[in-house]
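What follows draws every value from the coordinates through simple rules; no lab data is involved. Keep in mind the model is a prediction, meaning the values are calculated, not measured. In this analysis, Cβ positions are derived from the backbone assuming ideal geometry, glycine residues included, and neighbour counts consider all displayed protein chains.
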Amino acid sequence: MNYFKRAFTSIKRNLGKTCLLFLIVLILCSVISGTISANQAAENTERNLINSMLTIARVDLDWWTLHEEWPDFWDDPNAIRQITPEMINSIGALPYVETYDLFVEAHSLRSTDLERYEPEWPDGFGGGGMWVDGEEFGASFNVRGGNNPNIFDMEQGLIELVAGRTFTEAEMLNDSNVALVSQAFAELNQLTIGSTMHFDLIVFEPQDGMMWDPDHFTEENIFARQSYELDIIGIFAPLTELDTGDPWTDRDHIERISNRIYVPNNFAEAALNFWAEAYVESLSDEWLMNHDGTLMTVDDFIWIDHFFSLYTAGDFPAFREAVAEIVPPQFQVIDAGGNTSGIEAALGSMRSLTQTILWLAIGASLLILTLLITLFLRDRKREVGIYLALGERKRKLVAQFVAEIIVVAFVSIVVALFAGNILSATLSENMLISDLTAEENGGRDNMNVWDDNPFLWQGYVNVVDTDEIIASYDVSLTPMVILLFFAIGLGTTLVATVIPMIYVVRLNPKKIMM
């Protein structure tokens with residue numbers, strides 16, 4: 001009888017020990033199977049989350065660092081409070097950036113001919129139009145400039161062109177009074193391609209005292225006034241609607257985009273410069289005085305904003321490191337996917353926990369199986385002695401015992417693969433739900449959603465539904481999971497037989513039989 005047949009005969013003859021080995025391997029490998037499945041599911045879910053994230057970023061002041069490490073920041077005349085266009089262009093040239101834009105936003109353009117678009121209020125909510133000081137001068141509008149003729153928001157899928165065209169290169173470089181408006185705004189005001197919009201940019205005299213008097217905004221209190229005309233060359237429609245759970249925020253998002261007027265930067269800069277110069281001129285030195293004794297200038301009221309779009313969200317770590325080499329240390333990169341940090345933390349916690357359990361399970365399996373197999377072989381030393389006395393080679397005995405162990409372990413591992421997967425699907429998903437719920441409710445209930453994500457002001461928000469994350473948490477048995485599990489399960493079993501086989505090799509048949 002060859003050693004392989006002896007192995008099967010021994011398995012059937014020692015049924016009690018075989019069942020004990022089967023159960024122990026089943027329990028240990030079920031834990032290993034479950035942790036591998038959960039770890040792979042968390043890794044895949046995290047990868048899907050990153051792939052679904054917006055790749056929009058900007059560079060802004062690190063307010064917390066300034067508050068803790070530079071409390072006199074705003075009183076320091078040498079402090080850099082916004083990054084320069086040169087810095088923005090240098091960042092835009094980084095290999096991680098697909099496209100970028102820097103823009104100026106001019107505000108307080110009044111029009112008596114135009115109405116602001118007001119979306120419907122959700123059921124149970126109500127309100128009126130936006131309140132404006134000096135309503136006799138008409139509704140107030142902002143114009144959004146840009147250097148990108150194709151419009152950054154359009155390239156990012158925030159809006160789409162439904163009529164007309166976007167800007168030309170010549171219009172972006174030269175003084176051009178052309179604009180794109182939303183379809184809802186155009187229909188409300190009966191505007192079409194080629195229509196002209198009239199605006200007045202009004203700067204009022206500063207008020208006396210600290211009390212805000214709405215009656216102050218009258219014709220006789222106008223300090224400076226400039227008229228503008230904009231020709232409509234394109235009409236766009238929003239492509240996104242928010243579902244943040246806050247009806248006010250969702251409605252405000254639509255209102256802002258629907259009333260946004262896109263213009264070339266040269267027009268927005270001219271309007272903003274007029275307002276800033278008039279505003280500074282209207283104020284006394286007392287109002288313009290900084291804490292260090294210097295006076296604020298027009299440049300203190302001119303802000304250039306910017307957005308960068310990366311090729312993938314996975315580029316953010318390298319992008320942050322590269323930006324740190326370009327900008328002063330008081331600036332940091334923030335991204336539109338920042339509100340997914342809680343979900344990433346929950347998934348990261350799940351991966352860390354499963355990895356720890358996996359290593360502990362492998363270590364425990366090695367120890368328990370080594371001791372168990374050693375004890376089994378000690379009970380069979382007389383059998384070993386007989387085989388050796390009959391002239392059987394030790395390597396064939398080792399092969400017999402390894403075959404016995406591997407056959408039982410293989411069957412047990414196959415069962416453990418499915419048992420561990422079923423166990424993991426229930427336990428790990430419940431753990432993930434618990435972590436996500438805790439993160440969602442952990443001190444964030446009273447936070448303003450606008451403070452939580454400043455990209456909302458421009459219409460960019462990475463809203464991730466925890467239900468969608470849980471639904472995408474898939475612990476199904478993929479070929480990679482199966483191969484990895486069998487490699488670890490069988491590998492652990494084989495390693496656990498090394499020490500016991502040394503015991504067999506060292507046995508002396510004469511001493512055993514005496």
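Subtracting the Cα-Cα distance of residue 360 and residue 246 from their residue separation scaled by 0.36 nm leaves 36.6 nm.
Place a point 7 Å from Cα of residue 177 in the direction of its Cβ. Which residues in segment 189-209 have their backbone N less than 20 Å from it? Under cut-off, by backbone N: 190-203. With R₀ set to 30 Å, the beta-carbon distance separating residue 190 from residue 457 gives a calculated FRET efficiency near 0.55. In this calculation the C-beta distance from residue 68 to residue 290 is compared with R0 = 22 Å, giving a FRET efficiency of 0.50. Backbone geometry of segment 30-45 corresponds, through the Karplus equation with coefficients 6.51, -1.76 and 1.60 at θ = phi - 60°, to 3J(HN,Hα) couplings of 5, 5, 5, 4, x, 5, 5, 4, 5, 5, 5, 5, 5, 5, 5, 5 Hz, x marking Gly and Pro. Applying 1/(1 + (r/R0)^6) with r as the Cβ-Cβ distance of residue 324 and residue 24 and R0 = 51 angstrom yields a FRET efficiency of 0.45. Sites listed here are chymotrypsin sites (Phe, Trp or Tyr not before Pro) in segment 209-291 whose DSSP assignment is loop and whose Cβ has at most 11 other Cβ atoms within 10 Å: 212.
With contacts taken as Cα pairs under 8 Å at a separation of at least 6 residues, segment 105-289 carries a relative contact order of 34 percent.
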